[in-house]
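Single-structure report; data block below.
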Amino acid sequence: MLVLPRIFKSYAMVAGTLVLLAACGGQKDQTKQEGGSAGGGESTSADPVQEQRTASAVIERIDVNNDRKPDVFKHYALIEDPAGDGKGGRLQRKALIRKEIDVNFDQRIDIVEYYKGEPGKEIKEREEFDLDFDGRVDEIRKYDNGNLTEMQLDLGFDGRIDTWMFYQMTKNEDGKDVNRLNERRRDENGDGVIDSWEYYVKGKLQKIGRDTNGDGQPDMFTRVDEKK
């Protein structure tokens with residue numbers, strides 16, 4: 001089964017892209033105005049960060065690998081600051097609402113991140129990943145107040161979600177907050193109905209439930225012996 005190697009390879013490419021993005025971040029003050037669409041082609045400028053501005057929005061296009069083609073797109077909403085600029089004039093601040101990343105530099109978006117919140121205090125609320133670069137979403141992550149709450153996976157890479165993982169903030173043995181896996185649900189036979197449930201306590205698997213009569217509900221449970 002090639003699912004895990006494919007996922008690990010994709011995440012390695014994601015990590016490499018983020019490192020490159022961090023490296024070019026120091027040149028962000030070279031931003032200049034340029035038109036074009038978010039899926040833009042080759043840039044006419046060597047500046048790594050291009051900016052397109054309208055009356056209510058800003059798009060930053062970032063060339064991570066210096067091929068003069070944008071690889072990261074940051075979408076901002078322009079929010080009016082009621083305090084103004086301190087001199088009696090208007091002041092608009094940028095609030096990040098979406099980030100799109102082309103991980104393998106093929107001019108197709110592989111990761112989309114959604115944000116909410118006021119300028120400077122944005123928090124991530126959702127992520128979508130195309131792990132095998134076929135143009136379809138294979139993983140979805142949902143967040144609440146910046147904490148991961150749910151992960152949906154298409155482990156069969158057939159365009160259908162077959163695994164759901166739920167997370168919950170709890171306390172560890174030292175009394176510190178930790179976000180742990182609480183429950184995993186699976187559609188093991190690919191019929192679109194969940195037929196397997198895994199229940200976790202403090203991040204450890206405790207019980208497995210299965211649907212044996214096809215009604216979509218667990219009716220047979222097996223406890224996990226931690227001593228084995």
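Where a number appears in this text, it was derived from the coordinates with a stated rule and is not lab data. It should be emphasised that the depicted structure is a prediction, and the values quoted were computed from it without experimental measurement. Note that we place each Cβ from the backbone using ideal geometry, even for glycine, and neighbour counts take in every protein chain shown.
The trypsin sites (Lys or Arg not before Pro) found in the range 154-196 that occupy coil by DSSP, while having at most 10 further C-beta atoms within 10 Å, are LYS176.
Amide H to amide H, with H built 1.01 Å from N, VAL224 comes under 5 Å of LYS207, ILE208, counting only residues 5 or more places away or on other chains. What the Kirkwood sum gives for the range 85-189 is a hydrodynamic radius of 16.2 Å, with every pair of different alpha carbons counted. By the Stokes-Einstein formula, at 1.567 mPa s and 4 °C, the range 168-228 with its Kirkwood radius over alpha-carbon pairs has D equal to 100 µm²/s. Rounded to the nearest Hz, the phi-derived 3J(HN,Hα) couplings of the range 131-138 under the Karplus curve 6.51 cos²θ - 1.76 cosθ + 1.60 (θ = phi - 60°) are 6, 10, 6, 9, x, 10, 6, 10, where x marks glycine and proline. Sites listed here are GluC sites (Glu not before Pro) in the range 88-174 whose DSSP assignment is loop and whose Cβ has at most 13 other Cβ atoms within 10 Å: GLU173.
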